[in-house]
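These notes are about the structure you will find just below.
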Amino acid sequence: MHPAYSVIIFTTSSGAGYGLLALLACLILSGQPVPENPFVTITLGLALALISVGLLSSTFHLGRPERAWRAFSQWRTSWLSREGVLAVVTFVPAGLLFLGSLVFEVSGFLWTLAWLATLVLAIATVACTAMIYASLKTIRQWHSPWVVPVYLVLAAASGAVLLVALLHLFGGQNATIGFAASATLAAGLLIKLGYWHSIDHAKKTHTIGAATGLGGKGPVRQVASPHSGENFIMKEMGYKVARRHAAKLRRLALLFGFVVPAAAIALGTVSGALIGTILSLGAVVVCAIGLSMERWLFFAEAQHVVSLYYGAEAA
Amino acid sequence: MTSLPPAAAQTGKKLGLVIDLDTCVGCQACAVSCKEWNTSGYSAPLTDEKPYGDEPMGVWLNRIHSYETGEEDQSRVVHFPRSCLHCEEPACVTVCPTGASYKRAEDGIVLVNPDTCIGCKLCSWACPYGAREYDYDHGVMKKCTLCVDRIYNDNLLEEDRVPACVKACPTSARHFGDLGDPESDVSKLVADRGGYDLMPEMGYKPVNQYLPPRPRRDGASAQPVPVAAKTQEVDASGTTSLDRLFAWVDHKLTR
Ligand code: SF4
Ligand code: SF4
């Protein structure tokens with residue numbers, strides 16, 4: 001599948017935003033000490049900004065962005081619609097918390113409810129984003145039980161990296177959170193390895209023979225394409241990345257996305273305040289690069305069954 | 001509405017095409033006729049980009065592939081028209097976030113409403129058959145309408161109320177009708193010839209059916225074709241009157 005930058009930015013940026021929202025909610029609900037107030041406001045603001053950038057970027061993928069509001073209507077059947085609805089609904093408690101935190105101390109029963117709602121909605125929204133892909137039977141690499149956990153864990157990992165950096169900046173770093181963040185990154189690494197292992201070893205169940213129905217008479221080969229130039233189908237779904245290139249990118253994605261940030265954060269928790277802050281900010285940058293590569297591969301390595309009609313033997 | 005029409009609302013009518021892979025000669029007449037009708041029909045326009053440039057590209061709702069299949073004396077080229085199959089369980093409809101992509105309860109035709117489509121392209125990802133083409137210029141999705149603006153069009157002669165591709169096919173490889181009615185001509189044709197679904201394992205239940213190429217006769221089982229014996233009288237020396245006529249003309253001309 002064609003890796004569109006608008007969709008890569010959408011899923012990574014909003015994923016990090018929801019991850020940050022959810023982890024902040026966890027932090028507060030668990031009663032951990034957090035730094036003095038601008039911390040909560042700024043963390044909420046950053047999370048909502050990342051989500052907004054992601055959602056805005058996703059509208060660049062649309063042919064008719066001015067009609068985007070229509071996408072909230074079909075939540076009964078469409079995961080894309082559900083994702084849109086939940087994304088907007090999440091703004092209600094999270095936005096209230098953001099505004100509230102400008103004026104009050106956001107604790108107390110009602111605020112606790114708002115934190116709880118934010119946590120649940122953030123997780124549900126990321127799960128819906130993943131289901132947009134996981135529900136498509138036409139793409140083997142996406143129609144996999146690994147996809148939802150991958151999106152959830154990666155959102156948490158990127159949120160954790162941001163949270164650690166913010167804690168450092170506000171002088172609230174704490175070893176437990178630092179190690180928890182490193183552990184989340186390690187989980188991200190493992191789950192990506194598991195996902196890649198599963199897509200590399202899964203059997204290709206669809207064949208050019210079944211696609212054309214001509215397979216009963218021996219091998220089927222395409223001898224002439226319907227068109228001499230490109231068409232939408234080939235541009236959108238004919239994208240292929242060379243195996244060796246993909247293998248290199250996978251290694252870089254793991255290194256930048258998980259290994260380096262986890263090490264930097266772990267090191268940061270045991271070093272001084274200044275070094276720790278620098279390391280945690282470095283982790284944010286490196287992790288963003290790594291996760292963008294990971295997301296690019298998620299699209300580029302996905303093979304659509306329509307490729308069978310254009311000569312692929314199996315998909 | 002992108003929920004599929006509930007069973008109660010459905011009429012049992014399943015309009016669709018039957019495509020005969022035995023007689024299709026890959027002439028592209030159906031594709032051209034489709035483009036011509038639909039560029040000013042329901043899905044208008046079917047935009048072309050750089051039609052006279054180095055890399056022309058455009059929206060077509062029907063694409064004709066050619067495949068080689070079979071081995072040795074059964075080997076052959078099969079021309080394979082590919083368009084929307086108006087599936088009974090189409091995920092292209094249920095994934096649509098806006099309700100622009102829908103399946104009609106009355107006849108099963110799958111359409112895109114060009115006024116509400118936001119061009120998210122998700123439906124094209126959900127279609128296994130590559131039947132939807134995005135119009136980069138118009139910003140909305142285009143697909144086969146089964147010529148919904150011909151088949152019910154009272155301004156056309158009765159015999160013209162069929163999809164443009166069916167009307168255009170010079171070898172009558174395309175048939176149109178109600179595949180929900182077991183007594184219809186198309187249903188009988190499918191039963192007779194062993195018509196089949198494309199990728200049935202996807203579970204989309206395509207309405208359109210494909211008729212397989214007939215097996216090629218091999219040397220042993222082939223019946224001798226007694227053409228000459230039937231139509232011409234053969235004299236004792238084995239030459240026909242036509243042969244003698246040609247011999248005479250040849251003789252006169254070479255003199
Ligand atoms: S062929 Fe594709 S576009 Fe047509 S109904 Fe089936 S899934 Fe939808
Ligand atoms: S491209 Fe249009 S018809 Fe297709 S899923 Fe998106 S809104 Fe629906």
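Among the residues making up the stretch A:192-215, those that are without any contact (Cβ under 8 Å) to a residue 60 or more places away in the chain, more than 14 Å from chain B (Cβ to nearest Cβ) and not hydroxyl-bearing (Ser, Thr, Tyr) are A:194, A:196, A:197, A:200, A:201.
If I go through the stretch B:189-206 residue by residue, how many of them are under 14 Å from residue A:208 (Cα atoms) and not in a helix (DSSP H, G or I)? Full working, then the answer.
In the first step, residues of the stretch B:189-206 are kept if they are under 14 Å from residue A:208 (Cα atoms); the result is B:197-202.
Okay, now just the ones that are also not in a helix (DSSP H, G or I), so B:197-199.
Qualifying residue count, the stretch B:189-206: 3.
Based on what the data block shows, is residue B:59 among the β-branched types (Val, Ile, Thr) and closer than 26 Å to residue B:181 by Cβ? Taking the combined requirement at face value, the residue does not satisfy it.
Quick check on my filter: what residues within the stretch A:283-314 are within 14 Å of another protein chain (Cβ to nearest Cβ), farther than 19 Å from residue B:69 by Cα and open to solvent by less than 40 Å² (accessible area, probe 1.4 Å)?
A:298, A:299, A:302, A:304, A:305
If you take the residues in the stretch A:216-232 that are more than 39 Å from the chain's Cα centre (by Cα) and more than 7 Å from chain B (Cβ to nearest Cβ), which one is nearest to residue B:58 (Cα to Cα)? Selected residue: A:219. Listed by first and then second residue, the pairs linking a residue in the stretch B:90-105 that is more than 8 Å from ligand 2 (Cβ to nearest atom) to a residue that is among the aromatic types (Phe, Trp, Tyr), with Cβ atoms under 9 Å apart and 6 or more places separating them unless they lie on different chains, are B:90/B:204; B:91/B:204; B:93/B:102. Pairing each residue of the stretch B:106-127 that is more than 7 Å from chain A (Cβ to nearest Cβ) with any residue that is more than 12 Å from ligand 1 (Cβ to nearest atom) and part of a helix (DSSP H, G or I), provided the two are 6+ apart or on different chains, yields C-beta distances under 6 Å for B:109/B:148. A residue that is in contact (Cβ under 8 Å) with a residue 24 or more places away in the chain and either within 7 Å of chain B (Cβ to nearest Cβ) or open to solvent by 60 Å² or more (accessible area, probe 1.4 Å) (or both) occurs somewhere in the stretch A:67-79.
Please enumerate the residues belonging to the stretch B:160-209 that are under 24 Å from residue B:32 (Cα atoms) and either loosely packed, with under 15 Cβ neighbours inside 10 Å or hydroxyl-bearing (Ser, Thr, Tyr) (or both). Scanning the stretch B:160-209 gives B:160, B:170, B:171, B:172. Screening residue A:83 with (1) more than 26 Å from residue B:4 (Cα to Cα); (2) modelled with pLDDT of 95 or more gives one miss only, at (1). Limited to the stretch B:57-87, what total is found for residues that are more than 8 Å from chain A (Cβ to nearest Cβ) and within 19 Å of residue A:306 (Cα to Cα)? Residues meeting the conditions: 9.
Which is more than 14 Å from chain B (Cβ to nearest Cβ), under 26 Å from residue A:14 (Cβ atoms) and open to solvent by 50 Å² or more (accessible area, probe 1.4 Å), of A:169, A:163, A:185, A:189? Steps first, answer last, please.
On the way: A:163 fails: open to solvent by 50 Å² or more (accessible area, probe 1.4 Å); A:185 fails: open to solvent by 50 Å² or more (accessible area, probe 1.4 Å); A:189 fails: open to solvent by 50 Å² or more (accessible area, probe 1.4 Å).
None of the others qualify; the one that does is A:169.
Confirm whether residue A:233 is crowded, with 20+ Cβ neighbours inside 10 Å, closer than 24 Å to residue A:13 by Cβ and modelled with pLDDT of 95 or more. Taking the combined requirement at face value, the residue does not satisfy it.
The values are calculated or read from the model by the stated rules, or taken from the named source; none is laboratory data. Since the structure is predicted, the reported quantities are computational estimates derived from the model, not experimental observations. Glycine gets a Cβ as well: all are built from the backbone with ideal geometry, and neighbour counts include every protein chain shown. Calculation scope for accessible area: heavy atoms of the full protein, side chains included, ligands and nucleic acids excluded. Shrake-Rupley method; radii C 1.70, N 1.55, O 1.52, S 1.80 Å.
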